[in-house]
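The values are calculated or read from the model by the stated rules, or taken from the named source; none is laboratory data. What you are looking at is a predicted structure, and each value in this text was computed from that prediction instead of being measured. All Cβ positions, glycine included, derive from the backbone under ideal geometry; neighbour counts span all protein chains shown. Ligands, DNA and RNA are excluded from the accessible area calculation, which covers all protein heavy atoms including side chains. Shrake-Rupley method; radii C 1.70, N 1.55, O 1.52, S 1.80 Å.
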Amino acid sequence: MIQKGTIKKEVLFSGIGVHSGKQVELWLKPSSSGEIIFRRIDLDNSEFHLDPKKIEAKNCSILVTKKGRIQTLEHFMAVLFMLGVDSLILELNGEEIPIVDGSAFPFVEAILKAGIKPLQEKKKSIKILKPFIIQEEDALISVVPDSDFRITYLIEYDHPAIESQELSLSINKENFIKQIAPARTFGFLKDVPALRAQGLALGGSLENAIVLDERSIINGPLRFPDEFVRHKILDFIGDLFLLNSSIIGHFKAHRAGHSLHLKAVHFILDNPEYWTYE
Ligand SMILES: [Zn+2]
């Protein structure tokens with residue numbers, strides 16, 4: 001078992017919410033509670049605990065409570081997971097984590113610069129003991145025992161700039177920082193009117209997403225030839241942070257997304273016979 005951690009000093013992020021389109025300031029504050037707590041200073045300092053039962057998926061992962069919501073959690077949660085930050089107060093004056101450049105890298109840089117302080121409390125590790133499969137239409141996640149934490153992700157898009165991409169990676173801090181955190185989110189120009197009609201992607205721009213038209217990438221170059229599948233792994237790591245544990249097992253995703261990622265999280269939490277704490 002490894003120790004939980006917090007940050008050594010406060011960090012401020014200022015930026016736009018990709019879905020709300022609103023400017024937001026996010027202050028990260030050290031905490032010894034052993035939990036991730038959000039504090040909405042625009043809602044009388046209402047506090048929300050990160051709880052997998054209160055997460056909804058709708059183009060992003062959203063914490064929904066009676067008092068309010070926090071959306072676009074996934075990139076930030078992936079960074080907390082991989083840098084070992086389990087204990088933190090996130091104070092924000094809006095309902096969305098800033099999208100920064102569409103990747104997780106600016107969060108990684110700022111948290112590493114602030115430094116990470118180990119806490120007394122130990123972090124548990126979920127070790128997968130038996131295989132299982134979660135399916136949703138033509139999407140699938142299969143989970144099998146392994147000696148390591150590994151993600152294999154396969155995406156298939158009917159678009160000449162993406163097509164089929166597969167990547168299998170051992171998920172650890174070093175691989176995350178170099179191979180996954182810089183991969184940006186992406187979107188299709190043709191989907192923008194429908195998303196905006198639902199109040200989504202209002203802050204999406206060429207500065208915070210890879211944007212594709214019918215045939216090509218509008219705002220290249222890419223950071224990796226397979227940046228799209230790398231970003232899907234980033235999203236999956238972020239959603240797996242909800243397990244509040246390290247992971248020992250191999251997660252294989254095929255055409256998945258936040259909704260299926262969350263189903264895998266709930267399956268694990270609801271079916272303890274498939275795993276053990278180590
Ligand atoms: Zn994403």
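Return the subset of 66/130; 173/263; 29/252; 66/127; 4/252; 190/232 for which the Cα-Cα distance in this structure is over 29 Å, preserving the input order.
On the way: 66/130 37 Å; 173/263 25 Å; 29/252 34 Å; 66/127 34 Å; 4/252 27 Å; 190/232 20 Å.
Going by Cα-Cα distance, 66/130; 29/252; 66/127 fall outside the 29 Å limit.
Sparse packing (at most 12 other Cβ atoms within 10 Å of the Cβ) combined with a DSSP loop state is found for the following trypsin sites (Lys or Arg not before Pro) in segment 39-128: 66, 67. Given a 1.4 Å probe and the protein chains as shown, residue 12 ends up with an accessible area of around 100 Å².
Counting only DSSP beta bridges whose two residues both lie in the chain, roughly 70 percent are antiparallel. Ignoring ligands, DNA and RNA, what percent of the accessible area of segment 174-278 is carbon or sulfur (1.4 Å)? That fraction is 54 percent. Report, ordered by chain and residue number, the aspartates and glutamates lying within cross-link reach of residue 22, taken as a straight Cα distance under 14 Å and ignoring same-chain residues fewer than 8 apart. Answer for residue 22, where 14 Å is the Cα cut-off: 42, 95, 96, listed by chain and number. Only one residue of 165, 256, 80 has its Cα farthest out toward the positive end of the dipole of the chain, where Lys and Arg carry +1 and Asp and Glu -1 on Cβ, and that residue is 80. Relative contact order of the chain: 26 percent, from C-alpha pairs under 8 Å at least 6 residues apart in sequence.
Sites listed here are chymotrypsin sites (Phe, Trp or Tyr not before Pro) in segment 184-278 whose DSSP assignment is loop and whose Cβ has at most 15 other Cβ atoms within 10 Å, and the list is empty.
With the alpha-carbon atoms as the only input, what is the per residue convex hull volume for segment 2-123 in Å³? Don't skip to the end; give the middle numbers.
Working: hull volume 11.9 nm³, N = 122.
Residue-normalised Cα hull volume stands at 97 Å³.
Beta bridges from DSSP with both residues in segment 125-277: antiparallel share about 65 percent, rounded to the nearest 5. Remark: the chain is approximated by an ellipsoid whose semi-axes, taken from the C-alpha gyration tensor as √(5λ), come to 26, 25, 18 Å, largest first.
Here the relative contact order of segment 125-277, from alpha carbon pairs under 8 Å that lie six or more residues apart, stands at 41 percent.
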